[in-house]
Each structure stands twice: as C-alpha cells, then as structure tokens.
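A short reminder: the numbers here are calculations on the coordinates, not readings from a lab. Bear in mind the structure is a predicted one, so any value in this text is a computation, not a measurement. Reconstructed Cβ throughout: ideal geometry from the backbone, glycine too, with neighbour counts over all protein chains shown.
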Amino acid sequence: MNRHILTSIILLAGVIRLDAAKVSGTVLDASDKSPLPACAIAILPGQRSVQTDIDGKFVLDIPAGAYTLKASYVGFDDYTAGLKVGARDTSIVIELKPAATSSPK
C-alpha cells in the first residue's frame, strides 16, 4: 500500500509540473547595464515574490496563467508588465531606470 501511495505522489508531482513553468530573469540598471542585487520581484495577483541574487538574477516557478510582474528597487522607478505563463519556461531582462530626483528650491 505504501508503494502505491508513493507512486501516486510522484505521478501527481509530474502532473502539477506540466501546468507550471520557470520564469527567470535578470534585473539591470538601465543607465549602465550593471546588475541590481536584492531587487524585489513580485508576481501579482498572489504572494509569490523573490529577490535577485548578487548578479541581478531571479527564478520563480509559476502555474500557467496571466499575471503582472513588478520589480522594485530603492532609488529606481518601479517596473510593471503583463506576463503570460504557459507550458514553456520564460526568460526576461528587466532594465530599471534611476528615479528622477527633485532638486531643493
């Protein structure tokens, strides 16, 4: 019986993976193309989020569907874009623009 349960769990895990894909990417400073480490990446709706690594890279496993991807980094304008996730893995490059600063008057 335990063998049948284990087999069922393994098969179910394979089926679940068919409906999901990896979304990976790199977040760069648009002005000099340097990576932005610890940039917050969020998938909306939902509570899926991750931070970029030291090279500005991130990876998320997301079920198939339509989402909004948001990237936020202190001192830069937020990036928001629609994201359609299907059966294939997706790789993107996000370039964040430095936020405009207002000068004191």
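Label positions at Leu44 and Ala81, each projected 7 Å from the Cα along the C-beta direction, are separated by 1.6 nm.
Taking 0.36 nm per residue of sequence separation and removing the Cα-Cα distance, the Val93/Ala30 pair yields an extension gain of 21.6 nm.
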